[in-house]
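None of the figures in this text is laboratory data; all of them are computed from the coordinates on show. If you're wondering where the values come from, they're calculated on a predicted model, not measured in any experiment.
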């Protein structure tokens, strides 16, 4: 269970990083891709 919690926290941090990078990206295509990568998937966390 501890491994799952650690993995979940790692994913949350990576999602936050994607969101931050999307705000800094100059290319609109990359910006949209990174913004989408930073969002949780439908049904995630169930």
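A few notes on this one:
- Approximate shape of the chain as ellipsoid semi-axes (Cα gyration tensor, √5λ), whole Å, largest first: 25, 12, 5
- Full-extension gain in nm, residue 35 to residue 16, via 0.36 nm per residue minus C-alpha separation: 5.9 nm
- Degrees between helix 2-24 axis and first principal axis of the chain (Cα, 0 to 90, nearest 10): 10
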